[in-house]
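Beneath this line is the structure, given in structure tokens, with notes to follow.
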Amino acid sequence: MAVLSHAFARSRFESPEAAVGTIVKLNGVTFTVAGVTEAGFKGLSTGTDYNIAIPSSAVSLLQSRPTGS
């Protein structure tokens, strides 16, 4: 599961709503887009912007794969 930022979803899909249910690949790992944030949401960390949020439990999946897989 992944959540996209509103700006990223708008830039990559016809609309943010169209992104929901699609598949994104990060470092060879497949995630289903479960939602899109509201416009202007910057995340939970001050000064940090993001495009895609994944569960912290999935980070190890990304770290165990070579880049470009």
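Is it the case that segment 43-50 has a residue that's touching a residue at least 24 places away in the same chain (Cβ under 8 Å) and either out of contact with any Ser or Thr (no Cβ under 9 Å at 6 or more places or on another chain) or open to solvent by 60 Å² or more (accessible area, probe 1.4 Å) (or both)? Yes, the conditions are met somewhere in segment 43-50.
It is to be established whether one or more residues within segment 9-21 are part of a helix (DSSP H, G or I), surrounded by 10 or more Cβ atoms within 10 Å (Cβ to Cβ) and among the acidic types (D, E).
Initially, segment 9-21 is screened for residues part of a helix (DSSP H, G or I), giving 9-12, 16-19.
Pick out the ones that are also surrounded by 10 or more Cβ atoms within 10 Å (Cβ to Cβ) and you get 9-12, 16-19.
From what is left, the residues that are among the acidic types (D, E) are 17.
The answer is yes, given that some residue of segment 9-21 is part of a helix (DSSP H, G or I), surrounded by 10 or more Cβ atoms within 10 Å (Cβ to Cβ) and among the acidic types (D, E).
Figure legend. Inter-residue proximity from segment 23-37: first residues touching a residue at least 24 places away in the same chain (Cβ under 8 Å) and surrounded by 12 or more Cβ atoms within 10 Å (Cβ to Cβ), second residues of a type in the set (K, R) and assigned to a loop (DSSP other than H, G, I, E, B), beta-carbon distance below 7 Å, spacing 6+ or different chains. Indicated pairs: N27/R65; G28/R65; V29/R65.
The values are calculated or read from the model by the stated rules, or taken from the named source; none is laboratory data. As the structure is a computational prediction, the values presented were derived from the model and not from experiment. Note that we place each Cβ from the backbone using ideal geometry, even for glycine, and neighbour counts take in every protein chain shown. These accessible areas exclude ligands, DNA and RNA; they are computed on the full protein's heavy atoms, side chains included. Shrake-Rupley method; radii C 1.70, N 1.55, O 1.52, S 1.80 Å.
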